[in-house]
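This report refers to the structure that appears directly beneath it.
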Amino acid sequence: MKFDFTKASEACVKCGKCVPSCTIHKINIDEVTSPRGFLELVGAHQRGELELDKNAKDIFEKCFLCTTCVSICPTSLPTDLAIENIRRDIAEKFGIAWFKRVYFFLLRHRKVMDFCLSLGSYFLPLIFKIDHDAQSMKPRFSMPFVGKRVFPLLNKRSFLQRHKEDIENGSKTKRVALFVGCFSNYHYTKTAESLLEILKALKINVLLPKKQRCCGAPAFFTGDFKTVDKLIRANVEYFETFLDEVDAIIIPEATCAAMIKEDWERFMSEDVEMSKRIKKITAKVFMASEWLYKKTTLAEYLKNLNISKKERVTYHDPCHARKVLKIFKEPRALLEANYDIKEMSDPNQCCGFGGVTIQSEKFELAKAAAKPKIEMIKETNAKILSAECGACRMQLSNAIDNDGADIRFKHPLELIAEVIRQNG
């Protein structure tokens, strides 16, 4: 994927509309770490005026890639693509930290990942307090590089390992494939289980493609383009084996959906044949809430359920759902029939997850970005926080724990499945 840094940099007129809403600029008020600052720097690099030294590396790794600037920019300048491409150059020059290389290796080799995570899960209770209801775990004592952060639960068996590939729910016409994403497959498995419950209630047959790989988002945002290339090509070849047999491929994770629908084709833009193959696949790819709302009778089904007392829920818009895929009405429309939706002051503000590098090497930035979000959530007096994204769940669950707030995080699919279960 080639990117013309100079063209993007020169197209920025420095109007500053993006600056007030920029996630990193809000917590690090410096023109350098603002969208127009980033664009000026990438342009200077391509013109040979800026060396990619460790200082530049540190600057470019501070961007959260939330795409707020892209959505606000009058000309939608692709600042996110500029950052992603400069991170590739950084990775090639400085290399990638050993723990990231290990993680990306596991993402490329699912069977090894399954074995390692399953093995690791047996030892976790020795050092972590496990909360199965919240699907989270917390160190029993402060650990180096970790502190006492809340992490997603690591299950002994992944979601894909627990189920057979073909699930018949009585339909003679409808069949969907699930791309579950790594968070829902390994950690927040109740999300994927809930989606199965919903599809069963709707009598829609399900295909669980067992050889699906990671979508490539973690490696893409880090600059490991070799891993991204391998994952995309492997997934495309596999998806093509069942694409004509299903009505849709539905995804319960915003980041995975955005990566597949938007970034796969852009990443492979120089490979015309692969781009065509990807376009055929993405025509059938949907975020779960979008497909359930637009293509099924779920909304009507939920309205007919008898709920005497509605719990209050506040909804957070994941950046990849609202800003990239423009999906935000659909999950609310499905929830509002049985829950009291109380909007926070700015549901569209980034939670501050920021990707692997922010979470592992610049976590103080993630903590700072989450603080105002938690205050917004508490102001609603909602006891349930929901979002269609495992990354947001990880980030906000930790922030809630740090704050001590009495709030539970539940994916919208989990909330919908609970209502169906209660009325079953």
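The values are calculated or read from the model by the stated rules, or taken from the named source; none is laboratory data. In this text, all values refer to a predicted model and were calculated from it rather than measured experimentally. All Cβ positions, glycine included, derive from the backbone under ideal geometry; neighbour counts span all protein chains shown.
Being touching a residue at least 12 places away in the same chain (Cβ under 8 Å) and of a type in the set (Lys, Arg), is that true of even one residue in the range 113-129?
Within the range 113-129 (the criterion being touching a residue at least 12 places away in the same chain (Cβ under 8 Å) and of a type in the set (Lys, Arg)), the answer is no, since none of the residues qualifies.
Of all the helices (runs of 4 or more DSSP H) wholly in the range 246-327, which have at least 1 residues that are of a type in the set (Val, Ile, Thr) and out of contact with any Leu (no Cβ under 6 Å at 6 or more places or on another chain)?
Numbers: elements: 254-258, 264-267, 272-282, 288-295, 298-303.
It comes to 254-258, 272-282.
Buried (at least 21 other Cβ atoms within 10 Å of the Cβ), within 17 Å of Leu325 (Cα to Cα), touching an Asp or Glu at 6+ places or on another chain (Cβ under 6 Å) and among the β-branched types (Val, Ile, Thr) - does that describe any residue in the range 68-79?
no
Could you grab the pairs with beta carbons closer than 6 Å, sequence gap of 6+ or different chains, first residue in the range 242-257 and within 17 Å of Lys295 (Cα to Cα), second one surrounded by fewer than 19 Cβ atoms within 10 Å (Cβ to Cβ) and of a type outside the set (D, E, K, R)?
Val246/Leu207
Regarding the range 299-306, can at least one residue be identified that is farther than 21 Å from Leu199 by Cα and modelled with pLDDT under 95?
Kept after step one, since they are farther than 21 Å from Leu199 by Cα, are these residues of the range 299-306: none.
No: the range 299-306 contains no residue that is farther than 21 Å from Leu199 by Cα and modelled with pLDDT under 95.
In the range 188-211, how many residues are in contact (Cβ under 8 Å) with a residue 60 or more places away in the chain and out of contact with any Asp or Glu (no Cβ under 8 Å at 6 or more places or on another chain)? First the steps, then the outcome.
Taking the range 188-211 as the starting set, the residues that turn out to be in contact (Cβ under 8 Å) with a residue 60 or more places away in the chain are 188, 190-195, 197-198, 201-202, 204, 211.
Next cut, out of contact with any Asp or Glu (no Cβ under 8 Å at 6 or more places or on another chain) only: 188, 192-193, 195, 197-198, 201-202, 204, 211.
Of the residues in that region, 10 qualify.
Looking only at the range 95-104, which residues are in a helix (DSSP H, G or I), over 17 Å from Asn235 (Cβ atoms) and not charged (D, E, K, R)?
Trp98, Phe99, Val102, Tyr103
Looking at this structure, is Ala387 farther than 24 Å from Ala288 by Cβ, surrounded by 21 or more Cβ atoms within 10 Å (Cβ to Cβ) and at pLDDT 95 or above?
Details: farther than 24 Å from Ala288 by Cβ: no; surrounded by 21 or more Cβ atoms within 10 Å (Cβ to Cβ): yes; at pLDDT 95 or above: yes.
Spelling it out, it is not the case that Ala387 is farther than 24 Å from Ala288 by Cβ, surrounded by 21 or more Cβ atoms within 10 Å (Cβ to Cβ) and at pLDDT 95 or above.
Select, from Gln395, Gln349, the only residue that is crowded, with 23+ Cβ neighbours inside 10 Å, at pLDDT 95 or above and either under 20 Å from the mean Cα position of the chain (by Cα) or more than 21 Å from Leu153 (Cα to Cα) (or both). Explain how you work it out, then say what you get.
Details: Gln349 fails: crowded, with 23+ Cβ neighbours inside 10 Å.
None of the others qualify; the one that does is Gln395.
For the range 353-366, indicate whether the set of residues that are more than 30 Å from Ile96 (Cβ to Cβ) and free of Cβ contacts under 8 Å to residues at least 60 places away in the same chain is non-empty.
We begin by selecting, within the range 353-366, every residue more than 30 Å from Ile96 (Cβ to Cβ); these are none.
Checked against the condition, which is being more than 30 Å from Ile96 (Cβ to Cβ) and free of Cβ contacts under 8 Å to residues at least 60 places away in the same chain, the range 353-366 yields no hits at all.
Which one of these does Lys226 not meet: (1) closer than 25 Å to Thr173 by Cβ; (2) surrounded by fewer than 20 Cβ atoms within 10 Å (Cβ to Cβ)?
The failed condition is (1).
If I filter the range 1-44 down to residues being of a type in the set (Lys, Arg) and either within 23 Å of the chain's Cα centre (by Cα) or crowded, with 19+ Cβ neighbours inside 10 Å (or both), which single residue comes out as nearest to Lys371 (Cα to Cα)?
Residue satisfying both the conditions and the ranking: Lys26.
Need pairs with beta-carbon distance below 7 Å; first residue without any contact (Cβ under 8 Å) to a residue 24 or more places away in the chain and closer than 18 Å to Glu311 by Cβ and within the range 397-424, second surrounded by fewer than 17 Cβ atoms within 10 Å (Cβ to Cβ) and among the basic types (Lys, Arg); sequence gap 6+ or separate chains.
Taking only residues 6 or more apart or on different chains, the pairs are Asp406/Lys383.
Being under 27 Å from Lys226 (Cβ atoms) and modelled with pLDDT of 95 or more: is that true of Phe5 here? Can you show your working first?
Numbers: under 27 Å from Lys226 (Cβ atoms): yes; modelled with pLDDT of 95 or more: no.
No; evaluated as a whole, the condition is false for this residue.
Among residues belonging to the range 45-69 that are β-branched (Val, Ile, Thr) and either under 11 Å from Ile83 (Cα atoms) or not in a helix (DSSP H, G or I) (or both), point out the one that is nearest to the chain's Cα centre (by Cα).
Thr67
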